[in-house]
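Visitor: Dropping a structure here in structure tokens format, bear with me for questions.
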């Protein structure tokens, strides 16, 4: 993972963390379930987006490494396992 990618992911996770704290505050204040559900769905979408970015970077890294070292089959199998566990 490049330094820029790491910073971008950290920034997205920090925003998600802030959003989670806001939802916690909403629950503490007694906001209605529809409001909480709406916000939680938004958080899940954000987490899915971060996961997608990480998996895409991982795929690129694995394929590049496998191709350069002539080890495509074992690396592709490892990649398949990681993607399957993430979804």
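All of the numbers you see were taken from the coordinates with simple rules; none came from a lab. Just so we're clear, the structure is a prediction, and the values are computed from it rather than from any experiment. When we count neighbours, we look across all protein chains shown, and the Cβ atoms used for this are built from the backbone with ideal geometry, even at glycine.
Visitor: Does residue 8 satisfy the condition of being touching a helix residue (DSSP H, G or I) at 6+ places or on another chain (Cβ under 8 Å) and within 30 Å of residue 60 (Cα to Cα)?
Guide: In short, yes.
Visitor: Which residues, taken from segment 29-60, are within 16 Å of the chain's Cα centre (by Cα) and either farther than 24 Å from residue 4 by Cβ or in contact (Cβ under 8 Å) with a residue 40 or more places away in the chain (or both)?
Guide: Passing the criteria: 40, 41, 42, 43, 44, 50, 53, 54, 57.
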